[in-house]
Amino acid sequence: MNCRICSGYTRTIIDLGISPPANSLLDNTRQSVCSYPLVLEYCNSCCNIQLRDCLDSRDLYKNYLYVTPDSKMLNEHYEYLTRFLLSNKYINSDSKVLEIGSNIGLYLNHIRPFVKEILGVDPAENIAKLANAKGVHTICEFFSKELAMDLRNSKGKVDTIIARHCFAHNASPHDLLKGVKVLLDEGGVFVIENAYALNTIENNEFDQIYHEHMFYYSIQSMTKVLEMNGFKLIDILISLVHGGSIVFIAKHISSKNSISNSLRTHLQYEKEKLNMNTLARFSSNAFTLKEDLLKTINAINQRKETIYSYGATAKGNTLLNFLGLDNSIIKYCVDSTSIKQGKYLPGSKIKIINEDFKDVERPDYFLLTAWNYKDEIITKVRNKGNKDSAFIVPFPTLHII
Ligand code: TMP
Ligand code: ZN
């Protein structure tokens, strides 16, 4: 195929087979859902990794069930990110801030005391409603050039546009950037946060591959897509959240800002590490983990011990479907999100239950599908008095706690 960023030819790096869209949870086990390929392609020209087959965003986000969890780790990350933005003067008390894909508004709420105005934009009706009910004004729409022009005409330009873990959820980053171009003030900053492709690859996190993640940005591919749309990358911040994330700071191309040392250093490292050899290893490691994890799970199953999964995550869905696990092996999936509870994971048809364990037995093992919150989830479970259930942690290397 041709790269959706630079039109260069791409090469297939991994094929995980077919999987249903991860957040299309089922109301009952009779409900069926279509599965679509999860194939990753690499473009050698701009070092971009992307899905070969992208689903229509409107189908993915119509009724969306991902609610940002109220997590200690995420709250600490919000603090870390906000300090970085303030100390580098990317935001200040006069900033008008718009967040794209703001979900229920947790980050906007966090940043509210430090800036002048906040506004959210999120396409999922049920989620935008929750945000508005919590007092975070959220427009329920896809961010587009048309919306950006309407907002500019009605409210004026903004100083800061933030897109956390949603920029890569877009089959056409060029369209989104055209909107940012229209709405962002001349001296303003565009803050993009995504899982970092190099961390995904180096930590073998193949479960980060799902239909919402259409792109896996490297510093190089982000630089390219920004430049093609009249922006320049000036800084980055590396963070441990979600298995390794990166925050990109971009300004209009006319900006006088020079490139930060941190950006220069990481770019150099990325150029050394991101290549066809690393990508080939990523693919073979995924198949090795599949074998090892299946061996572990089959042995537990033969001992007639029970396994539940912990976290009805999108990545968990990729993992379960790639391994071919279903409700005959994993009886329940535990998750704190109330709108997910009582529903079933697509494909594996595992029932989602809450974290209380009032009506169900504790399992012998939890397969930790929300491994990015490992410490916090294990602490929570132990503090509730469950000292016995062991945790199977699949990433970055398979281990049992
Ligand atoms: P995420 O990794 O995409 O943010 O999804 C995390 C999922 O894990 C989300 O559905 C909420 C769930 N979760 C719990 O069930 N318990 C917890 O303590 C945390 C932090 C998350
Ligand atoms: Zn490319």
query = Can you list the cysteines of the chain that have no other Cys Cβ under 4.7 Å away?
reply = C34, C47, C54, C140, C166, C333
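Share of antiparallel DSSP beta bridges in the chain, in percent to the nearest 5?
Counting DSSP beta bridges with both partners in the chain, the antiparallel share is about 50 percent.
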key: Nearest-10 value in Å² for the accessible area of T265, using the 1.4 Å probe   = 90
ask   = Along the three principal axes, how long is the stretch 280-381 when you take its alpha carbons, biggest first, rounded to the nearest angstrom?
value = 43, 28, 28
inquiry  = Taking the alpha-carbon distance from K129 and a cut-off under 13 Å, which aspartates and glutamates remain once sequence neighbours fewer than 8 residues away in the same chain are dropped?
reply    = E141
query = Once the dipole of the chain is set up with Lys and Arg at +1 and Asp and Glu at -1 on Cβ about the Cα centre, which of S19, S239, Y61 lies farthest towards its positive end?
reply = S239
request  = Take the chain, connect every pair of alpha-carbon atoms lying under 10 Å apart with a spring to form a Gaussian network, then pick out the residue of I307, I18, I127 with the largest mean-square fluctuation.
outcome  = I18
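Give, rounded to the nearest 20 debye, the magnitude of the charge dipole that the chain has about its Cα centre when Lys and Arg contribute +1 at Cβ and Asp and Glu contribute -1 at Cβ. Intermediate values should be presented prior to the final figure.
On the way: 46 positive and 43 negative charges, 47 e Å.
Roughly 220 debye, rounded to the nearest 20.
Are there any helices in the chain, counted as whole DSSP H runs, that stretch 24 Å or more along their axis by Cα and score at least -0.5 on average by Kyte-Doolittle, and if so which?
Details: long enough: 276-302 (39 Å, -0.13).
Sorted by number, the helices that extend far enough and score high enough are 276-302.
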query = From the Cα gyration tensor of the stretch 1-144, with a ≥ b ≥ c the square roots of its eigenvalues, which class applies: rounded if a/c is under 1.5, or else prolate if a/b is larger than b/c, or else oblate?
reply = oblate
query = How long, wide and thick is the chain, going by the Cα atoms along their three principal axes, in whole angstroms, largest first?
reply = 65, 48, 37
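Based on alpha-carbon positions alone, could you give the equivalent ellipsoid semi-axes of the stretch 253-308 from the gyration tensor, as √(5λ), descending, whole Å?
On the way: eigenvalues 399, 49, 13 Å².
Values for the stretch 253-308, descending: 45, 16, 8 Å.
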ask   = Do any GluC sites (Glu not before Pro) in the stretch 320-401 lie in a DSSP loop with no more than 16 other beta carbon atoms within 10 Å, and if so, which?
value = E355, E361
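As a test of the formula, what do you get for the chain when each DSSP H run with n ≥ 4 contributes -39,500 (n - 2.57) and the sum is divided by the residue count, at 222 nm and rounded to the nearest 500 deg cm²/dmol?
Details: 12 runs with 133 residues, N = 401.
So the calculated ellipticity at 222 nm is -10000 deg cm²/dmol.
Share of the chain's accessible area from carbon and sulfur, percent, 1.4 Å? Present the calculation step by step, with values, prior to reporting the outcome.
On the way: 8200 of 17110 Å².
In the chain, the share of accessible area belonging to carbon and sulfur is 48 percent.
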Cβ-based charge dipole, the stretch 268-401, positive-most Cα from L368, P346, L279 = P346
request  = With springs connecting C-alpha atoms under 10 Å apart, model the chain as a Gaussian network and identify which of P113, P346, P363 has the largest mean-square fluctuation.
outcome  = P113
request  = Could you give me the percent of Cα pairs per 5 Å distance bin for the stretch 222-347, shortest bin first, beginning at zero and ending with the bin that holds the maximum distance?
outcome  = 2, 8, 12, 14, 13, 11, 10, 11, 9, 5, 3, 1, 0, 0
Reachable aspartates and glutamates, given that their alpha-carbon falls under 14 Å from the alpha-carbon of K134 and they are not under 8 places away in the same chain = D70
note = the chain, Gaussian network, Cα under 10 Å: of H213, H110, H169, the residue fluctuating most is H110
remark   = Note: the stretch 155-296 at 25 °C, 0.890 mPa s; Kirkwood Rh on alpha carbon pairs; Stokes-Einstein D in µm²/s works out to 151
query = Which trypsin sites (Lys or Arg not before Pro) in the stretch 1-58 pass both tests, a DSSP loop state and at most 12 other beta-carbon atoms within 10 Å?
reply = R30
query = Excluding ligands, DNA and RNA, what is the solvent-accessible area per residue of the chain at a probe of 1.4 Å, expressed in Å²?
reply = 43
task = Taking the Cα centre of the stretch 36-190 as origin, work out the dipole magnitude from +1 charges on Lys and Arg Cβ and -1 charges on Asp and Glu Cβ, in debye rounded to 20.
result = 300
inquiry  = Please give the charge dipole size of the stretch 1-83, origin at the Cα centre, charges +1 on K and R Cβ atoms and -1 on D and E Cβ atoms. Round to the nearest 20 debye.
reply    = 140
message = Please give the Cα centre distance for the stretch 128-189 versus the stretch 327-352, rounded to the nearest Å.
response = 33
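What do you get for trypsin sites (Lys or Arg not before Pro) in the stretch 207-258 restricted to DSSP loop and a cutoff of at most 10 other Cβ within 10 Å of the site's Cβ? Display every interim value, and only then the final one.
On the way: sites: K224, K232, K251, K256; in loops: K256.
Sparse-neighbourhood loop trypsin sites (Lys or Arg not before Pro): K256.
The values are calculated or read from the model by the stated rules, or taken from the named source; none is laboratory data. Note that the structure is a prediction, hence the values are computed from the model and not measured. Counting neighbours? That spans all protein chains shown, and the Cβs are built from the backbone with ideal geometry, glycine included. Only protein heavy atoms, including side chains, enter the accessible area calculation; ligands, DNA and RNA are left aside. Shrake-Rupley method; radii C 1.70, N 1.55, O 1.52, S 1.80 Å.
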